[in-house]
Amino acid sequence: MQDIIDFLRRLAANNNREWFTAHKEECKAVQAQFATWVEKLAARMAAVDPTLVGLTARDMTYRIYRDTRFSHDKTPYKTHMGAFICRGGRKSGYAGYYFQLGAEDNRADFGSFHWETQHVVAPGHYCIEPKALQVLREDIVYGEGDFDRLVRSAAEARFTLLRENALKRNPKGFDKGAPWSEYLRLRNFCLAYAPTTAEVTAPDFADRLLESFAAARPFIDYINRAIDFAREEM
């Protein structure tokens, strides 16, 4: 892990095409190292979650190149390496288990958390299909606190429920006084915590990460049930 972080730090300090071209072989080497580590982790997860059987690094990892079309930041390369371990692969539309290594150590205050450059453990789902999002919100309303209990249980395993881009009022079809409004306003359903560099480079980090993902599995299963139901109704 330290080799990967060291490369990302140097890339962050030299985020330009000239430097990257000169160090492209080194990038390929650390990408291969990360891919091997992710595949081994996914194989261990598949032993207890059969929906993850057969995933390859290609199904889970991302390109190093940034999409800068709609960003004010035009630096061409990501300063993190991430993987999304998910039923059917990262493009399947299901919730799953995200992890990334970044160029920076994490700040003590989670409120200053920075996705682009820091280490992240973040099981959940971004950009849920609209019909599945509607089903999920209905489940939250009629579930008599089931979702709230999942969030509270995850908090005991260090996770915070992210509320980025939440609506300012309840979505259409849900009254102002609907139960669990704080969850109904979410557009993304994602838990997260920010491990330190000391943690991600520790010899037992894979074991600790597996424990974290296991604690988040009920949350993931809850979301994926809603997605399955929505797709069956389509």
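Looking only at residues of region 13-32 that are assigned to a loop (DSSP other than H, G, I, E, B) and without any contact (Cβ under 8 Å) to a residue 24 or more places away in the chain, we find that the one that is nearest to D73 (Cα to Cα) is N14. Considering only residues that are under 18 Å from I223 (Cα atoms) and either in contact with a Phe, Trp or Tyr (Cβ under 9 Å, 6 or more places away or on another chain) or of a type in the set (S, T, Y) (or both), which ones fall in region 50-90? Result: T51, L52, F84, I85, C86, R87, G88, R90. Filtering region 6-55 to residues that are of a type in the set (D, E) and within 30 Å of R225 (Cβ to Cβ) leaves E39, D49. Among the residues of region 50-74, the one identified as out of contact with any helix residue (DSSP H, G or I) (no Cβ under 9 Å at 6 or more places or on another chain) and of a type in the set (V, I, T) is T68. Looking at the structure I just gave you, is P203 farther than 18 Å from F219 by Cα and at pLDDT 95 or above? Spelling it out, P203 is indeed farther than 18 Å from F219 by Cα and at pLDDT 95 or above. With respect to the conditions (1) in contact with a strand residue (DSSP E or B) (Cβ under 6 Å, 6 or more places away or on another chain); (2) free of Cβ contacts under 8 Å to residues at least 40 places away in the same chain; (3) among the aromatic types (F, W, Y), F189 lacks only one, and its number is (2).
Matching residues to (1) among the hydrophobic types (A, V, I, L, M, F, W, C); (2) assigned to a helix (DSSP H, G or I); (3) in contact with a Pro (Cβ under 9 Å, 6 or more places away or on another chain):
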site	(1), (2), (3)
F34	yes, yes, no
T68	no, no, yes
K91	no, no, no
Y94	no, no, no
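Restricting attention to region 198-232, report how many residues are more than 30 Å from A132 (Cα to Cα), assigned to a helix (DSSP H, G or I) and of a type in the set (G, A, S).
Selection size over region 198-232: 2.
The residues of region 26-51 that are among the β-branched types (V, I, T), modelled with pLDDT of 95 or more and surrounded by fewer than 17 Cβ atoms within 10 Å (Cβ to Cβ) amount to a single one, T36. Taking the conditions (1) over 16 Å from the mean Cα position of the chain (by Cα); (2) surrounded by fewer than 18 Cβ atoms within 10 Å (Cβ to Cβ) in turn, A103 satisfies each one other than (2). Consider region 70-81 and keep the residues that are assigned to a loop (DSSP other than H, G, I, E, B) and not acidic (D, E). The one that is farthest from R9 (Cα to Cα) is F70.
If you check T61, T56, T68 for being polar (S, T, N, Q) and at pLDDT below 95, only one passes: T68.
The values are calculated or read from the model by the stated rules, or taken from the named source; none is laboratory data. Keep in mind it's a predicted model, so treat the numbers as computed, not measured. A quick note on method: Cβ atoms are made from the backbone with ideal geometry, for glycine too, and the neighbour counts reach across all protein chains shown.
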